Amino acid sequence: MKKTITLLTLLLLLPAILAGCGSRTIEEENKEEATAGEIITVGFSQLGAESDWRNTNTASMQEALTPENGFNLVYKNGQQKQANQITAVRTFIQQGVDYIVLAPATETGWESVLTEARDAEIPVILVDRRVDVADKSLYSCWVGSDFELESKKMTAWLKAFTDRRNISPENLHIVNIQGTPGSTAQIGRTRGLANAAREYGWDLMTEVSGDFTENKGREVMAALLKGYDNINVVYCENDNMAIGAIDALESAGKRVGQNIMNGEVMVVSFDGVNEQSLQYCREGKISCIAECNPLHGPRVQALIESLENGETPEKFNYVDEGLFSCVSSVKNVVVDGTEYTIQEP
Ligand code: GYE
């Protein structure tokens, strides 16, 4: 009789014992749910993969917004088309992500979709380039570079270089290979050059877009060489286009360097991210690079964390950047009262 009861008890308890061994306790389940609730889902609409700067920027975001850091990152590549980015943002809204991070290709045309995000109460953080909207409450904040300042540093360097060499301003025959038209980086870098050319009396002959890519930079440079026989400065709005342009110049039998009164063509550019352009800068093929810092992942992470804590971060967050050159005659430049020491590439 006793034996039967023990056996019966065992049989009755068996499911509970098995459950206890095979699956999680209620406490464990609760804990998992709580952590799952804390995971922050971020929809990131990146504009494309057009340059080394861009790829480094994407990697920086992916390295910061990880599950270990409490994030679920949904990445969408816009292939340099605003329409793709608008679709991506709409998808994020439908998915009900917690935050939208947008690196917009160009500045205009964002009102409707950003209004949709605001109506859905999803905060938007802009990274790198900006949007041109009258109502600034359509986004929480922005982090990126001061592109016009980069350009002011570059043109200050060019002015200092020509002053040291006693080259008169009208002897500078400049072409500008621009970035994607209507992007913040293009607008700022183009404006800085145009203002300096006007102020110093440089001959800025033409401006053509190379869309920030190496191939377009090569193509545009080859075409410019057919149209102008006196180009002695090529101002490239990023390094990838500079690499393409140098290729086209050398294929056309031109020498790149600093001896611009004796047939050489000076190339200057922006970013300082990829090894080839830094190597060109060490060799003097690129005379000066204005640094543009792409490592925004940890910055975006900090902004989201600050918003999560109920704080209001600064609306516009700028990063510090310098200038790279191995031309020894210019040691520093002063722009808007700040001195920048030229760094070794
Ligand atoms: O300089 C260029 C990229 O917007 C700062 O975009 C960015 C620019 C960068 O394609 O290489």
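Only residues that are within 16 Å of the ligand (Cβ to nearest atom) and assigned to a loop (DSSP other than H, G, I, E, B): list them for the range 102-116, please. Residues satisfying the conditions are Ala103, Pro104, Ala105, Thr106, Glu107, Thr108, Trp110.
Residue pairs whose Cβ atoms lie under 8 Å apart, sitting 6 or more positions apart in sequence or on different chains, and linking a residue in the range 312-336 that is of a type in the set (A, V, I, L, M) to a partner that is open to solvent by 60 Å² or more (accessible area, probe 1.4 Å), are Val319/Arg299; Leu323/Gln343; Val330/Arg164; Val333/Glu339; Val335/Lys152. The single residue among Asp146, Asp128, Asp119 that is open to solvent by 10 Å² or more (accessible area, probe 1.4 Å) and within 16 Å of the ligand (Cβ to nearest atom) turns out to be Asp146. No other residue among Ala105, Ala88, Ala134 is surrounded by fewer than 17 Cβ atoms within 10 Å (Cβ to Cβ) and either in contact with a strand residue (DSSP E or B) (Cβ under 9 Å, 6 or more places away or on another chain) or not polar (S, T, N, Q) (or both) apart from Ala134. Considering only residues that are assigned to a helix (DSSP H, G or I) and over 21 Å from Val208 (Cα atoms), which ones fall in the range 150-169? Matches in the range 150-169: Lys153, Ala156, Trp157, Lys159, Ala160, Phe161, Thr162, Asp163, Arg164, Pro169.
A quick yes/no check of all residues on (1) assigned to a helix (DSSP H, G or I); (2) within 16 Å of the ligand (Cβ to nearest atom):
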| residue | (1), (2) |
| --- | --- |
| Tyr235 | no, yes |
| Met241 | yes, yes |
| Gly244 | yes, yes |
| Gln258 | no, no |
| Met261 | yes, no |
| Val268 | no, yes |
| Val273 | no, yes |
| Leu278 | yes, yes |
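Residues of the range 191-223 that are open to solvent by less than 20 Å² (accessible area, probe 1.4 Å) and either among the charged types (D, E, K, R) or within 16 Å of the ligand (Cβ to nearest atom) (or both): Gly192, Leu193, Gly210, Phe212, Gly217, Val220.
The values are calculated or read from the model by the stated rules, or taken from the named source; none is laboratory data. Fair warning: this is a prediction, and the values are worked out from it, not measured in the lab. Methodologically, a virtual Cβ is constructed for each residue, glycine included, from the backbone with ideal geometry; neighbour enumeration extends over all protein chains shown. Please note that ligands, DNA and RNA were not included when accessible areas were found on the heavy atoms of the full protein model with its side chains. Shrake-Rupley method; radii C 1.70, N 1.55, O 1.52, S 1.80 Å.
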